[in-house]
Amino acid sequence: MELASKDRPLRLGILLSGRGSNFLAIAESIRAGRLKGVEIAVVISNVADAGGISAAKELGLPTAVFVSQGRKRREHDADVIACLQTHRVNLVCLAGYMRLLSPEFIAAFPNRILNIHPALLPAFPGLDAQQQAFDYGVKVAGCTVHFVDEHLDHGAIIAQRTVPVLESDDAHSLAERILVEEHIAYSEAIARVASGEFELRGRRFAKRGL
Ligand code: GAR
């Protein structure tokens, strides 16, 4: 998967539905020079008043909103795909994008869509993952950045980070501790993809030549 080169940076399309703290962590990694050869081409939301869109505007980044409520998934996704293509996006990053993608969307960006999930997949896919983990009584929790395939929270894993579950935790404090690691994990995962040093071998995203 050759996505980036010196002359052609990796162009990210960020999709979000809410406050956008993962998007802001990625933007900060780029600004601080920790994520090289990467730029944010556009930030897109399916929710009109998403905080992440205001934050992107403040950073002077291109933004777009395509409200998904009440629209057929395929039709809504067609608008999003067109916008990503207009901005010459070659890596889509779901950052708190609370909407399933249509098969057409996944086919338009094969192995070029990343998602962050606030649990150690394959445990606790789906909604309220931190609450699920807390209620299950796990002693270690964490987050996963993975490629998106046609199944929910299922594609090959790119990066994971862990946190302990403390006796004093509730689901909220656990989620806050996981979020700190999410902000590190997403940039780590993008750097791995951008480096060109990793390849997909079955489900394993592994270093080439090893
Ligand atoms: C994050 O915790 C992310 O892992 C989660 O939504 C939050 C978005 O926060 N995503 C999912 O649960 C996807 N299934 P943010 O808007 O501050 O980045």
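The values are calculated or read from the model by the stated rules, or taken from the named source; none is laboratory data. What you see is a predicted model; the values in this text were computed from it and never measured. Cβ atoms come from the backbone with ideal geometry, glycine included; neighbour counts cover every protein chain shown.
I'd like to check something: does the stretch 166-182 contain any residue that is assigned to a loop (DSSP other than H, G, I, E, B), modelled with pLDDT of 95 or more and either crowded, with 21+ Cβ neighbours inside 10 Å or within 12 Å of the chain's Cα centre (by Cα) (or both)? Scanning the stretch 166-182 turns up no residue that is assigned to a loop (DSSP other than H, G, I, E, B), modelled with pLDDT of 95 or more and either crowded, with 21+ Cβ neighbours inside 10 Å or within 12 Å of the chain's Cα centre (by Cα) (or both).
For the stretch 187-208, filtering for residues that are buried (at least 16 other Cβ atoms within 10 Å of the Cβ) and in contact with a Leu (Cβ under 8 Å, 6 or more places away or on another chain) leaves 6. Selection over the stretch 34-52 of residues that are within 16 Å of the chain's Cα centre (by Cα) and surrounded by fewer than 18 Cβ atoms within 10 Å (Cβ to Cβ) gives a count of 1. Return yes when Ala95 is more than 22 Å from Arg11 (Cβ to Cβ) and within 16 Å of the ligand (Cβ to nearest atom) and no when it is not. No, not satisfied.
Yes or no, residue by residue, for (1) touching an Asp or Glu at 6+ places or on another chain (Cβ under 9 Å); (2) surrounded by 17 or more Cβ atoms within 10 Å (Cβ to Cβ); (3) assigned to a helix (DSSP H, G or I); (4) acidic (Asp, Glu):
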site	(1), (2), (3), (4)
Arg74	yes, no, yes, no
Ile81	yes, yes, yes, no
Tyr97	no, yes, no, no
Leu101	yes, yes, no, no
Glu104	yes, no, yes, yes
Pro110	no, no, no, no
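Looking at the structure I just gave you, is Ala129 of a type in the set (A, V, I, L, M), at pLDDT 95 or above, closer than 25 Å to Gln69 by Cβ and out of contact with any Lys or Arg (no Cβ under 9 Å at 6 or more places or on another chain)? In short, yes.
The set of residues from the stretch 152-190 being within 11 Å of the ligand (Cβ to nearest atom) and either touching a Pro at 6+ places or on another chain (Cβ under 7 Å) or within 18 Å of Ile113 (Cα to Cα) (or both) comprises Leu152, Asp153, Ala175, Ile178, Glu182, His183, Ala185, Tyr186. Restricted to the stretch 121-151, and to residues there that are away from the ligand (no atom under 12 Å from the Cβ) and under 15 Å from the mean Cα position of the chain (by Cα), the residue that is surrounded by the most Cβ atoms within 10 Å (Cβ to Cβ) is Phe147.
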